[in-house]
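Undergrad: Have a look at the structure that comes next, please.
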Amino acid sequence: MTQYSSDSAAEQGLASCQSCGKLSTVSNKFCRRCRAPLHLRKPYNIQKTLALLITALMFYIPANLYPIMATEQLGMIESANIVEGVIALWEMGSQPIAMVVFIASVIVPVTKFIILFWLCYSVRFNTHIDAAERAVLYRITEFIGRWSMVDVFVVAILVALIQLGSLLNVRPGIAALTFAISVVLTMIAAMTFDPRLLWDKLESSDQQVTNKLNITKDN
Amino acid sequence: MSTKIACQHCDYLMSFPVLNPGQCALCSRCGHKISRLKVNAINNLMSYSLTGVILLILSLLFPFMSFTLSGNMMEITLWQAATELYSGPYKLLALGVFAFIVLFPAVILGFILLFLVSLNLFGHTFYNSTLLRLIFTLLPWSMAEVFFVAVLVSLIKLVTIAQIGIGLSFGAYLLFCLCYVKVLTLVDKHQFWYWMDLAKKS
Ligand SMILES: [Zn+2]
Ligand SMILES: [Zn+2]
């Protein structure tokens, strides 16, 4: 059994530049077009992805326990964490907005953690799960990551806007910082992961490929 | 060898796609979009990038939102929305927010414009590949459209407790977001590098 699938560029000793996409023989070491370093696969990407994910998780836990912002109204200070903020919105009667914040700050980060850990596990232990399905999961994490920043931006806006001294003012909570760091780290983790690993153990007979490139009308 | 290309998502080896406007190339193994070329892509990219940059600059100059409660009014600019956090441990967060919502989108649009204009005027220049590497590195870190959703969430959060006003900059930023999203649909890594190669050859 070879290390790469028989239809892959790596099997021919060709490395696709991660920066510009140019294909060169891997012995060149650097891409001739953009000077980025060449590798058949991103080096140590599973280890790096896992390290980033674990660090992100360490920032994500306090992000859920500590307040994301504090409201001071006539001397009374009220602080709320992410989930309490969502519940407050729901009770205020803005259910659709509560759903948006809940999806962006709870569902999206949790889904990202689960998918990325699962992808690393499936590559490391070579589980025979359909590569196409895992590729879809990877694309989902790549796409949704940035949307978790919604709540952090809401805090930035409210802190700037609501500054009426003792009447009403809003201050950021430490969770806004740790949550933002956690989102950034999971985004880097998703970029570090090499999705080509999902296809390396594929046997060419599994695939019914008719043509080499699929050009369609763009809509 | 330049007649071949590999899918960035599954490393499937395939022939180099040369597209006509309105076509799109997909990897036949994993379905990843290899490249897409919109009709009139270069002209639209230049005009939407230029308009986007101008609107973004305009959106920094005027009031963004205002908030009135029991006769007290507070008005902020977009600049303040990004940087009012700048104190104590939140300095890092303020810098991040500013970069994600103003700096990176501006740099991306500016570099796209610079790349296309210099490609048209001077052909291949020594800084083209650096510009392209920067554009595609920064793209995932620009969150203008996410910020706009956050603005809408804040508005709805506040309308029940106070009077909320929107300023001229709000409109400018909304229009900028529309231009930016339009640019995102036109930007294509494969095409940009291909255009650079064509300029190099000629
Ligand atoms: Zn390259
Ligand atoms: Zn593919």
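Undergrad: Please determine, in degrees from 0 to 90 and to the nearest 10, the orientation of helix B:144-159 with respect to the longest principal axis defined by the Cα atoms of chain B, where the helix direction is its Cα long axis.
TA: On a 0 to 90 degree scale, this one is about 20.
Undergrad: OK, next. Work out from phi, with θ = phi - 60° and the Karplus expression 6.51 cos²θ - 1.76 cosθ + 1.60, the ³J(HN,Hα) of each residue of segment B:178-195, listed in order in whole Hz, and give x for Gly and Pro.
TA: Once rounded to whole Hz, the list reads 4, 4, 4, 5, 4, 4, 4, 6, 9, 5, 9, 4, 4, 5, 4, 5, 5, 4.
Undergrad: Here is a further query. Which of the lysines could a cross-linker span from B:Lys200 if the Cα-Cα distance has to be under 21 Å and same-chain partners fewer than 8 positions apart are dropped?
TA: Partners found: A:Lys22, B:Lys4, B:Lys189.
Undergrad: Using each residue's phi in segment B:34-39, evaluate 6.51 cos²θ - 1.76 cosθ + 1.60 at θ = phi - 60° and report the 3J(HN,Hα) Karplus result to the nearest Hz, with x for Gly and Pro.
TA: Rounded to whole hertz, the list is 6, 6, 9, 10, 7, 5.
Undergrad: Sticking with this structure for a sec: Compute for chains A and B the buried accessible surface, both sides summed, probe 1.4 Å, and express it in Å² to the nearest 100. Walk me through the numbers before you get to the answer.
TA: Numbers: alone 13890 and 11850 Å², together 19050 Å².
When A and B are taken together, about 6700 Å² of accessible area is lost.
Undergrad: What are the residues whose amide H is under 5 Å from the amide H of B:Gln23, where those residues sit 5 or more places off or on another chain and H is modelled from the backbone?
TA: Here A:Asp218, B:Leu37 satisfy the definition.
Undergrad: In whole Hz, what ³J(HN,Hα) sequence does segment A:64-78 give by Karplus (6.51, -1.76, 1.60; θ = phi - 60°), x for Gly and Pro?
TA: So the J values, rounded to whole Hz, are 9, 8, 8, x, 8, 7, 10, 10, 10, 10, 6, x, 8, 9, 10.
Undergrad: In degrees from 0 to 90, rounded to the nearest 10, what is the angle of the helix A:82-92 Cα long axis to the longest principal axis of chain A?
TA: That helix lies at roughly 60 degrees to the long axis.
Undergrad: For the protein assembly as shown, what log10 I(q)/I(0) values come out of the Debye formula at q = 0.06, 0.07, 0.11 1/Å, with one point per alpha carbon and no solvent?
TA: Calculated log10 I(q)/I(0) at the listed q: -0.29, -0.39, -0.91.
Undergrad: A further question follows. Taking the Cα centre of the protein assembly as shown as origin, sum charge times position over the Cβ atoms of Lys and Arg (+1) and Asp and Glu (-1), and report the length of that vector in debye to the nearest 20.
TA: The dipole magnitude comes to about 1600 debye.
Undergrad: Which of the pairs A:Lys42/B:Lys91; A:Lys29/B:Lys201; A:Lys112/A:Lys201 have their Cα atoms more than 30 Å apart in this structure?
TA: Beyond 30 Å between Cα atoms: A:Lys42/B:Lys91.
Undergrad: Counting only residues 5 or more places away or on other chains, whose amide H sits under 5 Å from the amide H of B:Met65 once H atoms are built in the peptide plane?
TA: Under 5 Å from the amide H of B:Met65: B:Ile76, B:Gly167.
Undergrad: A follow-up question, please. Can you give the FRET efficiency for B:Val18 and A:Lys48, using 1/(1 + (r/R0)^6), R0 = 45 Å, r = Cβ-Cβ distance, to the nearest 0.05?
TA: For B:Val18 and A:Lys48, the calculated efficiency is 0.80.
Undergrad: Using the Cβ atoms and a cut-off under 13 Å, what net charge is assigned to the surroundings of B:Leu139, where Lys and Arg are +1 and Asp and Glu are -1?
TA: 0
Undergrad: Please calculate how many Å² of accessible area the protein assembly as shown carries per residue, with a 1.4 Å probe and no DNA, RNA or ligand atoms counted. All intermediate terms of the calculation are to be shown ahead of the outcome.
TA: Numbers: 19050 Å² over 421 residues.
With the other protein chains kept in place, the protein assembly as shown gives 45 Å² per residue.
Undergrad: Starting from the Cα of B:Lys182, draw a straight line to each of the lysines and keep only those under 20 Å, dropping any in the same chain fewer than 8 residues away.
TA: In chain and number order, the partners are A:Lys217, B:Lys33, B:Lys38.
Undergrad: Would you work out the relative contact order for chain B, in percent, from Cα pairs under 8 angstrom that are 6 or more residues apart?
TA: Normalised by residue count, the contact order of chain B is 27 percent.
The values are calculated or read from the model by the stated rules, or taken from the named source; none is laboratory data. Remember, predicted model here, so these are calculated numbers, not experimental data. FYI the Cβ positions are ideal-geometry reconstructions off the backbone, even for glycines, and counts take in every protein chain you see. Remember, those area values only see protein heavy atoms, side chains included, never the ligands or the DNA or RNA. Shrake-Rupley method; radii C 1.70, N 1.55, O 1.52, S 1.80 Å.
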